[in-house]
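Inspection log for the structure reproduced underneath, given as structure tokens.
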Amino acid sequence: MADSNNPLNLDYICVISPHEQKSNLEAVRQQAKAIQASAEAQNKLVTILQTQISLPKAVQKYYTSENVVLNKHTNWFVPCYPQQNPCLVCHYFGHNSETCPNIPYTAYNKCVRCWQLGHNFQSCQSSKVRPPFKNNFFYPNELLNRIF
């Protein structure tokens with residue numbers, strides 16, 4: 001037992017031979033390498049999981065007509081600068097009747113009332129005709145009803 005005046009407890013001091021020290025040191029090195037390899041494997045796994053978690057989810061695309069995607073830049077439900085008024089043809093925002101993506105190019109520069117060449121809608125004497133929309137066209141309210 002240790003002397004009460006001596007703070008060291010000499011009962012637990014152990015003497016290790018130089019050969020045992022070398023053997024123990026090698027065991028500690030191997031454990032350290034194993035721990036390092038395990039940590040590297042865990043870091044790789046964390047990186048892989050973070051990549052998988054942060055992958056963007058597939059965004060549902062909505063089409064206003066065949067091959068025409070609803071988007072915030074050229075074909076949208078609400079006014080977007082600089083297009084504050086809806087298209088006179090399809091009633092979506094982000095474009096005008098001269099660049100409407102929901103009608104075929106062959107309908108551009110025609111009267112938006114009767115869809116004939118040679119005059120504009122302000123001087124048109126004909127009855128209003130449904131625009132020559134691309135296949136599967138949906139007016140904004142129809143598309144909203146389909147979505148919700």
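Listed values for the stretch 34-39 are Karplus-derived 3J(HN,Hα) couplings in whole Hz (6.51 cos²θ - 1.76 cosθ + 1.60, θ = phi - 60°), namely 5, 5, 5, 4, 5, 5, and x replaces Gly and Pro.
Spin-label pair GLN42-LEU144: with each label point 7 Å from Cα along the Cα-Cβ axis, the two points sit 5.3 nm from one another.
Its Cα gyration tensor gives the stretch 64-148 an equivalent ellipsoid. The semi-axes, each the square root of 5 times an eigenvalue, are 23, 14, 11 Å from largest down. In plain terms, the chain from THR99 to GLN116 could stretch by 4.4 nm, reckoned as 0.36 nm per residue minus the Cα-Cα distance.
For SER123 and ASN85, the FRET efficiency from 1/(1 + (r/R0)^6), where r spans their Cβ atoms and R0 equals 30 Å, is about 0.90.
We did not get these values from a lab; they are worked out from the coordinates using the rules stated. All values derive from a computational prediction rather than experimental measurement. Quick reminder, even Gly has a Cβ in these numbers, built from the backbone with ideal geometry, and neighbours come from all protein chains shown.
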